[in-house]
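Asker: One structure is given below, represented as structure tokens, and several questions about it will come after.
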Amino acid sequence: MNLYNQDIGMFEMPCCEEPVQENLSQKPYPVITPFSLRKGELISWEYKIQAELYRVKKAFDKAEPLYLEAINILEESFGLDDIRVGAALHNLGQFYLVQRKLEEARNCYQRALKIKRHVLGEGHTDYADTMFHLGTVVL
């Protein structure tokens, strides 16, 4: 099909159908705004943001308790096997990895992997990402 219409000197775009999501098992994350969060999630998010700021400043001694408190709040609010807990554990593993605290990172990644396997399945990209990071601390 020739998309260039010589009579009017322009390209014509064929009519397209709505794009089809090919892999339905990997659903995109919802857009998160402070208004869409529950109280426990919002509070833990605030702790995580503060922890990230301390991490960037390399104030690791101030960041670690905030990461841990964020995880505690998520566990109390949503349960031990909630995907938000898994994501927070993955982040804490990253925090430990930067400091070369490999045993602590390994424990976080293993817990996160267990949650992600249960909730998302082994074919999900988040599961694979955590598996990769676990591999970096085990080897």
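The values are calculated or read from the model by the stated rules, or taken from the named source; none is laboratory data. Worth saying up front: this structure is predicted, and the values here are computed from it rather than measured. Positions of Cβ are backbone-derived with ideal geometry, glycine not excepted, and every protein chain shown enters the neighbour counts.
Asker: Here are the criteria: (1) surrounded by 13 or more Cβ atoms within 10 Å (Cβ to Cβ); (2) outside any helix (DSSP H, G or I). Tell me which single one Q50 does not satisfy.
Answerer: The one condition Q50 does not meet is (2).
Asker: Take the residues in the stretch 115-128 that are surrounded by 15 or more Cβ atoms within 10 Å (Cβ to Cβ) and either in a helix (DSSP H, G or I) or among the polar types (S, T, N, Q) (or both), then tell me which one is nearest to the chain's Cα centre (by Cα).
Answerer: Of all residues in the stretch 115-128, those surrounded by 15 or more Cβ atoms within 10 Å (Cβ to Cβ) come to 115-117, 119-120, 124, 126-127.
Next cut, either in a helix (DSSP H, G or I) or among the polar types (S, T, N, Q) (or both) only: 115-117, 119, 126-127.
Working: I115: 13, K116: 10, R117: 14, V119: 13, D126: 7, Y127: 10 Å.
In this case the residue turns out to be D126.
Residues checked against (1) basic (K, R); (2) on the phi > 0 side of the Ramachandran plot; (3) at pLDDT 95 or above:
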| position | (1), (2), (3) |
| --- | --- |
| G40 | no, no, no |
| I43 | no, no, no |
| G79 | no, yes, no |
| H90 | no, no, yes |
| V98 | no, no, no |
| K101 | yes, no, yes |
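Asker: Looking at the stretch 92-106, can you tell me whether even one residue there is assigned to a helix (DSSP H, G or I), in contact (Cβ under 8 Å) with a residue 40 or more places away in the chain, surrounded by 22 or more Cβ atoms within 10 Å (Cβ to Cβ) and in contact with a His (Cβ under 7 Å, 6 or more places away or on another chain)?
Answerer: Checked against the condition, which is being assigned to a helix (DSSP H, G or I), in contact (Cβ under 8 Å) with a residue 40 or more places away in the chain, surrounded by 22 or more Cβ atoms within 10 Å (Cβ to Cβ) and in contact with a His (Cβ under 7 Å, 6 or more places away or on another chain), the stretch 92-106 yields at least one hit.
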